Amino acid sequence: MRVLDLGCGTSRDLTPWGVSPQDDITGLDLNRRRLELAQVRFPNRAYVEAVGEHLPFADNRFDRVISLVALPYMDIRVALGELHRVLVPGGSLWLSLHPAAFTVSELLHNALPRPLPTLFRFYVLTNGFCFHLTGRTLRFINGRTESFQTLRGMKRALHHAGFVHPSFVKYRVGNGTAFQVEAQKPVCIPAKKANVSSRSEEETELAQIA
């Protein structure tokens, strides 16, 4: 199985996610130092320095993508489009994400009363609400991106990227909760419709996954 570990950091044991040491594993991260440490820990894996919004891989390259709390720091809609592109038809996606409670905790315990960190955490909260309503995220003034995620927002974003059969599971992390998402790239990709869709058609499609 060809596996992409998106936002791999210094890398990790992927056995709990059904990955075998014999699988072809590629780790991707934007931090070169972390990738150097990852190569020492797991020398049999390949590592690539890049961002999730611009994956340097051919179409249909991977059978599975795993990402542990990396997507919250990306332009989610763009990154999901790239993940859909590099997955084979029938390939699977597994993500762990930040709920709103994580951002609130960061604001209360790690930002207040410092002005700049507090401003940024309010941006993250606003961005999370934007994602909840539209499935889109916005960049901060310095180009950085972060948001919290909700089931509604992820349903919209996954649907827009072309993923099907999304499932969601909440779990405990310390004193709070997080959630994980699984979805699949369809085995048969439907042909794109002519650009004549109306707002009512889009609303019908979204209602079917709500």
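Bear in mind that the values in this text are calculations on the coordinates, not laboratory data. Note that the structure is predicted; figures quoted are calculated from it, not measured. Heads up, the Cβs are rebuilt from the backbone with ideal geometry, glycines too, and the neighbour counts pull from every protein chain shown.
Gain in length, TRP17 to LEU30, computed as 0.36 nm per residue apart minus the alpha-carbon separation, to one decimal in nm? List each step's numbers first, then the result.
Working: separation 13, 0.36 × 13 = 4.68 nm, distance 2.25 nm.
Computed gain between TRP17 and LEU30 is 2.4 nm.
Rank by packing, highest mean first: peptides 114-126, 80-92, with packing defined as the count of other Cβ atoms within 10 Å averaged across residues.
Order by mean packing, descending: 80-92, 114-126.
Label VAL88 and ARG152 with points 7 Å out from Cα along Cα→Cβ: what is the distance between them in nm?
Using points 7 Å along Cα→Cβ, the separation is 3.8 nm.
I need the phi-derived Karplus couplings for region 38-52: 6.51 cos²θ - 1.76 cosθ + 1.60, θ = phi - 60°, integer Hz, Gly and Pro marked x.
Each residue of region 38-52 in turn: 5, 5, 5, 6, 10, x, 7, 9, 9, 10, 10, 8, 6, 10, x Hz.
Give the relative contact order (percent, whole number) for region 82-163; include only Cα pairs under 8 Å separated by 6+ residues.
On the way: 81 pairs, mean separation 24.1, N = 82.
Rounded, it is 29 percent for region 82-163.
Have a look at the DSSP beta bridges in the chain and tell me what percent are antiparallel, nearest 5.
Looking only at bridges with both residues in the chain, the antiparallel portion is about 45 percent.
Could you work out the relative contact order of the chain, using alpha carbon pairs under 8 angstrom and six or more residues apart, expressed as a whole percent?
Here the relative contact order equals 18 percent.
In nm, what is the difference between 0.36 nm times the number of residues separating CYS188 and SER105 and their Cα-Cα distance?
Full extension of this stretch gives 25.7 nm more.
Hey, rough spin-label estimate for ASN60 and PHE168, points 7 angstrom out along Cα→Cβ, what's it come to in nanometres?
Calculated label separation equals 3.2 nm.
Cα gyration tensor of region 74-166, axes a ≥ b ≥ c as square roots of the eigenvalues: rounded (a/c below 1.5), prolate (a/b > b/c) or oblate?
Prolate shape, in that a/c is at least 1.5 and a/b is the bigger ratio.
Computed FRET efficiency, Cβ-Cβ of ARG114 and VAL48, R0 35 Å: what is it to the nearest 0.05?
0.50
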